[in-house]
Amino acid sequence: MLTTMIVILICLLIVLVPILVLYFISLWKMFKKAGRNGWEAIVPLYNTWILVEISGLAWWYALILILTSLVSSSDELSWICSLGSIVIDYFVCYNISLKLHRDSGFAILMTLFPIVMFPIIAFSDKYQFDSSVAVSEH
């Protein structure tokens, strides 16, 4: 029993660690494209704050995202926190997609599949941030 659990854990680590490394490298490159420091991408919770800043939304969106990630372990609030987090994530991704000259469909893909979309944005020369694009701050 214990051996099986160790094998499963090792297999998960072999799969998850490269995915996480790719995700953080992608965030690093996206932050650099947006004119931010790359190191900001690897600091948990702080990278959420910076992503909200890049999107042009108000600071309290980042606060909501951070709080929902911390509170979501409570059974009574988990579905509300999850729903709130998805909605706020969409707003962030929508504003970022506008800055990339993309539409709401692109924002939906970014929200639902960030592990796929962030590397595409980061490693493609096709996607460049345009900070002159006006986005809603609310």
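The values are calculated or read from the model by the stated rules, or taken from the named source; none is laboratory data. Everything numeric in this text was worked out from a predicted model, so none of it was measured. Neighbour counts are summed over all protein chains in view; Cβ atoms, including those assigned to glycine, are modelled from backbone coordinates with ideal geometry. Areas reflect the complete protein model, heavy atoms only, side chains present, ligands, DNA and RNA absent. Shrake-Rupley method; radii C 1.70, N 1.55, O 1.52, S 1.80 Å.
Estimated at the nearest 10 Å², the accessible area of K126 is 140 Å² with a 1.4 Å probe. Would you work out if segment 93-134 is rounded, prolate or oblate? Take a ≥ b ≥ c from the square roots of the eigenvalues of the alpha-carbon gyration tensor; rounded if a/c is under 1.5, else prolate when a/b is larger than b/c, oblate otherwise. Oblate is the answer for segment 93-134, as a/c is 1.5 or above yet b/c matches or exceeds a/b. Estimated from the Cβ-Cβ distance and a Förster radius of 35 angstrom, the FRET efficiency linking L16 and I108 is about 0.90. Over the chain, DSSP H runs of length four or greater, each weighted -39,500 (n - 2.57), average out per residue to a 222 nm ellipticity of -23000 deg cm²/dmol. Long hydrophobic helices in the chain, taken as whole DSSP H segments with a C-alpha length of 20 Å or more on their own axis and mean Kyte-Doolittle hydropathy at least 0.5: 2-33, 78-99. Placing unit charges on the Cβ atoms only, positive for Lys and Arg and negative for Asp and Glu, gives segment 20-138 a dipole magnitude near 460 debye about its Cα centre. Excluding ligands, DNA and RNA, the accessible surface per residue across segment 1-102 is 62 Å² with a 1.4 Å probe.
Counting heavy atoms of the protein chains alone, Y46 has an accessible area of about 80 Å² for a 1.4 Å probe. Compared with the direct C-alpha span, the chain from V7 to W59 gains 14.4 nm at full extension, assuming 0.36 nm per residue. Entry note: segment 62-130 has Rg to Rh equal to 1.06, where both radii use alpha-carbon atoms and Rh is the Kirkwood radius.
Ligands, DNA and RNA left out, the 1.4 Å accessible surface of the chain is 72% carbon and sulfur atoms. Each principal axis of the Cα cloud of the chain was evaluated for its coordinate range; sorted largest first, these ranges are 58, 38, 27 Å. Accessible-area rank, largest first, for E76, E53: E76, E53, with all protein chains present and a 1.4 angstrom probe. Please find, in a Gaussian network model of the chain (springs between Cα atoms separated by less than 10 Å), the residue of C81, C11, C93 whose mean-square fluctuation is greatest. Looking only at C81, C11, C93, the largest GNM fluctuation is found for C11. In segment 1-101, taking the dipole from charged Cβ atoms about the Cα centre, the farthest positive-side position among V71, P18, G84 is held by P18.
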